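Q: One structure is given below, represented as structure tokens, and several questions about it will come after.
Each reported figure results from applying straightforward, stated rules to the coordinates on display, with no laboratory input. Note that this is a predicted model, so its numbers are computed, not measured. Backbone-built Cβ (ideal geometry, glycine too); neighbour counts: all protein chains shown.
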Amino acid sequence: MKFGIKVITEQQKFIESSDDLKNFWSIFATLLEQDRIKEGRNYILHDVSEIRYIGSEETTQYEKGMMCLFLRWDGLFPMYAEYSRRSNMVALGEKTIQFYLEKTKYYQGKIKEKKFRDKVTCQDLYFVGPYIILAL
């Protein structure tokens with residue numbers, strides 16, 4: 001009986017996290033459409049062959065490369081939270097969304113910093129993260 005209750009509780013948490021992530025990605029898409037978040041500034045799509053994740057001493061190699069979505073969390077989360085509040089939606093806590101993202105099959109890890117070319121200004125930029133990395 002206890003095992004059954006545990007399974008039901010886990011499934012309930014999964015369903016809740018799925019709905020919450022759906023709302024997060026919906027807001028992300030809306031902010032993109034409104035041109036409030038920009039590729040190269042708030043997120044990066046990048047094919048990587050190697051990467052060093054927070055908490056790892058070694059670099060992880062990807063022989064065939066891996067297309068990743070880098071979310072610049074410090075810039076993205078405040079916009080998500082603001083949009084939620086203005087839309088009379090409940091903004092989930094920062095750690096809660098990160099936890100939900102970490103439980104998806106796409107989650108790869110976090111990095112501290114990323115250097116890239118800003119597609120708006122065409123300048124090389126160096127941003128300190130953390131960045132959350134999702135495989136596409």
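Q: Holding the Cα-Cα limit at 24 Å, pick out from Lys38/Lys64; Lys22/Lys115; Lys64/Lys110; Lys22/Lys103 the pairs that are longer than that.
A: Beyond 24 Å: Lys38/Lys64; Lys22/Lys115.
Q: Continuing with the same structure: To make sure I understand, if each residue's beta carbon is the centre and we count other beta carbons within 10 Å, what order do Met66, Met89 fall in, fewest to most? Kindly include the intermediate steps, with their values, before the conclusion.
A: Numbers: Met66 17, Met89 14.
In increasing order of surrounding Cβ atoms, one gets Met89, Met66.
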